[in-house]
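Notes for the one structure printed next.
Bear in mind that the values in this text are calculations on the coordinates, not laboratory data. Every value quoted in this text rests on a predicted model; they were computed, and no experiment measured them. Note: ideal-geometry Cβ built from the backbone for every residue, glycine included; neighbour counts use all protein chains shown.
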Amino acid sequence: MRKILVFILVGITLLPWSIFTDAATINEIFKNQQSNVQVKGIGTVIRILSDDNQGSRHQKFILKLNSGNTLLIAHNIDLAPKIKSILKGDTVQFYGEYEWNKKGGVIHWTHRDPNKHHINGWLKHKGIVYQ
């Protein structure tokens, strides 16, 4: 019985880390054209795009990962604060849902889900978490 409890406790402790990925895994997800994958990573801002104000408003920018891949970040600013001080060259950490596209993919769900049906995501810039 004690072994079972230890196994369950270790499994519960490690479970949150099992959904994290790294740049190498994001490369594999891209190569396999997968979508709806929860990922965590870090990248450098290489381009800041205009906000998308049609429907749900999104702040958009492109990150370059250490692997060389690029990702579009689509951060819902109706549900989470906008990163107002973001500049080209800044480092941004992210946790959200990956959607495949030919250009490298999109990360969205970088915010809390008000309906509590989706895993909460976030962005981190200069020590501040945006969610």
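For this structure, a couple of remarks:
- Candidate set: the range 107-117, residues that are touching a Leu at 6+ places or on another chain (Cβ under 9 Å) and assigned to a loop (DSSP other than H, G, I, E, B); chosen: the one surrounded by the fewest Cβ atoms within 10 Å (Cβ to Cβ): PRO114
- Selection count where residues are without any contact (Cβ under 8 Å) to a residue 12 or more places away in the chain and among the charged types (D, E, K, R), scope the range 114-131: 1
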